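Contents: one structure, followed by commentary.
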Amino acid sequence: MADFSDLTLDVAKLRRDFPILDREVHGKPLIYLDNAATSQTPRQVIEVFDDYYGRYNANIHRGLHTLSDEATAAFEGTRETVRAFLNAADHREIVFTRGTTEAINLVANAWGRANLKAGDEVLISRLEHHSNIVPWQLLAGELGFTIKVIPVDERGVLDLAAYRDLFTERTRLVAVNHVSNAFGTVNPVAEMARVAHEHGARILIDGAQAAPHQAIDVQAIDADFYAFSGHKVYGPTGVGVLYGRAELLEAMPPWQGGGEMIKTVSLEVPTTFADIPHKFEAGTPAIAEVIALGRALRWVSAIGLPLIGAWEARLLEHATEGVQGIEGLRILGTAPDKAGVLSFVVDGAHSQDIGLLIDQLGVAIRTGHHCAQPLLSQFGLDATCRASFAAYNTPEEIDVFVEGLERVVGMLR
């Protein structure tokens, strides 16, 4: 079994930051293994909402009074926190969105409409979440460019040789995830960016599943765009980030119009727009959520993403060893050095039934297609079960999960 003794993560202390982990489900202690969908939130982040709404609730940027100044300082402070978290060169390269989905749609509608046309090519992979497929399909339907798919092998690993062969003089963009939400595959995004740039193409990276598990350096990756969501990295829902190179953001037209994203508005002459990043942040943003995101990222950084990633890797190893003894169980996604995601199916048992029954034992896992239908279809599946791990999970929880899963599978046979 996996050995945790050399890791210094104090999980018992860390778990005390999460009030929800004290609750019971169906009379059993909650074991939360659905972290790839949404991670739980530490009390330090929860307290941000009481503090903001109780002490300095005000709109930002446009006010001259004290509350507005305090809210603006906290909001823009998060922008610097995110810049450091991603090692971006400039805080102006950080745009706040509602999440990864909106960030990708922003790139599609601002950069894509300005730079793509009929006959061009966009490369995506079969590993993508629907949020990095559908925006490009919608735009391709309007503009007439071609979407080409990077193939995946039986382990869930991208075929890099095929990736290189897909490029032509018409390739304009690569849109690929950093870590697969369905299989946990960690893609070699720095190498993929190098190849894309050699061919004069841009690269957008969906980092929603990478941000909670590993340190990210957008300069080392050489990313043109990078997106992630707050609710997967111990923060609140409804907030996320788009990183974009300053020169790209400056050249892009706005996506949404309204307040805050303008310099001047006139009915007689053209409207002029704000400097980046505010050009892409129309209207009143999710102020408390952004401030809370900053708190979440500082919480994660204080623990250390390398330590979190190492802990989750041991949990994955422990879980993988445990479930392999269950008759008829097949693991999907066997890439080397994958993130803490365990997807599986069981012969003769429907994934939904497994999810419902194991919930009765207090264990929360995800079942379904995980917004990755093209990937699952390659394996002849329409659903899997997925257990995904976070810093607060323990080997003892994995043992309960494995024992419960074995019991549930026996009931369904």
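Does any residue of the stretch 70-90 turn out to be farther than 30 Å from residue 223 by Cα and assigned to a loop (DSSP other than H, G, I, E, B)? Looking through the stretch 70-90, none of the residues is farther than 30 Å from residue 223 by Cα and assigned to a loop (DSSP other than H, G, I, E, B). If you go through the stretch 390-413 and keep only what is closer than 24 Å to residue 10 by Cβ and small (Gly, Ala, Ser), you end up with 390, 391.
Residue selection: residue 190 satisfies the criterion of being part of a helix (DSSP H, G or I) and under 30 Å from residue 315 (Cβ atoms). I'm trying to understand the selection: among the residues of the stretch 39-57, which are part of a loop (DSSP other than H, G, I, E, B) and buried (at least 17 other Cβ atoms within 10 Å of the Cβ)? Of everything in the stretch 39-57, those that are part of a loop (DSSP other than H, G, I, E, B) and buried (at least 17 other Cβ atoms within 10 Å of the Cβ) turn out to be 39, 40, 41, 42, 56.
Filtering 315, 305, 332 for residues that are under 25 Å from residue 411 (Cα atoms) and surrounded by 15 or more Cβ atoms within 10 Å (Cβ to Cβ) leaves a single hit, 332. All but one of (1) buried (at least 23 other Cβ atoms within 10 Å of the Cβ); (2) assigned by TED's automatic domain parsing to the domain that holds residue 98; (3) not hydroxyl-bearing (Ser, Thr, Tyr) hold for residue 219, so report the exception by its number. Failing condition for residue 219: (1). Quick one: is residue 78 closer than 30 Å to residue 341 by Cβ and in the same structural domain as residue 282 (by TED's automatic domain parsing)? Answer is yes for this residue.
Step by step: first the residues of the stretch 232-248, then only those that are touching a residue at least 12 places away in the same chain (Cβ under 8 Å) and surrounded by fewer than 24 Cβ atoms within 10 Å (Cβ to Cβ), then the one that is nearest to residue 78 (Cα to Cα). Which residue is that? In this case the residue turns out to be 236. The residue list 269, 265, 290 contains one member that is of a type in the set (A, V, I, L, M, F, W, C), in the same structural domain as residue 215 (by TED's automatic domain parsing) and in contact with a strand residue (DSSP E or B) (Cβ under 6 Å, 6 or more places away or on another chain), which is 290. Close contacts from the stretch 51-66, counting a first residue that is over 14 Å from residue 289 (Cβ atoms) and a second that is of a type outside the set (S, T, N, Q), with Cβ to Cβ under 7 Å and a gap of 6+ residues or different chains, come to 56/67; 56/70; 56/71; 58/67; 58/71; 61/260.
Residues checked against (1) buried (at least 19 other Cβ atoms within 10 Å of the Cβ); (2) out of contact with any Phe, Trp or Tyr (no Cβ under 9 Å at 6 or more places or on another chain):
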{"position": "327", "(1), (2)": "no, yes"}
{"position": "344", "(1), (2)": "yes, yes"}
{"position": "366", "(1), (2)": "yes, yes"}
{"position": "375", "(1), (2)": "yes, no"}
{"position": "386", "(1), (2)": "yes, no"}
{"position": "391", "(1), (2)": "yes, no"}
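What residue, among those in the stretch 84-98 that are out of contact with any Asp or Glu (no Cβ under 8 Å at 6 or more places or on another chain) and crowded, with 22+ Cβ neighbours inside 10 Å, is farthest from residue 240 (Cα to Cα)? Selected residue: 88.
The values are calculated or read from the model by the stated rules, or taken from the named source; none is laboratory data. Not measured: the values here are computed from a predicted model. Positions of Cβ are backbone-derived with ideal geometry, glycine not excepted, and every protein chain shown enters the neighbour counts.
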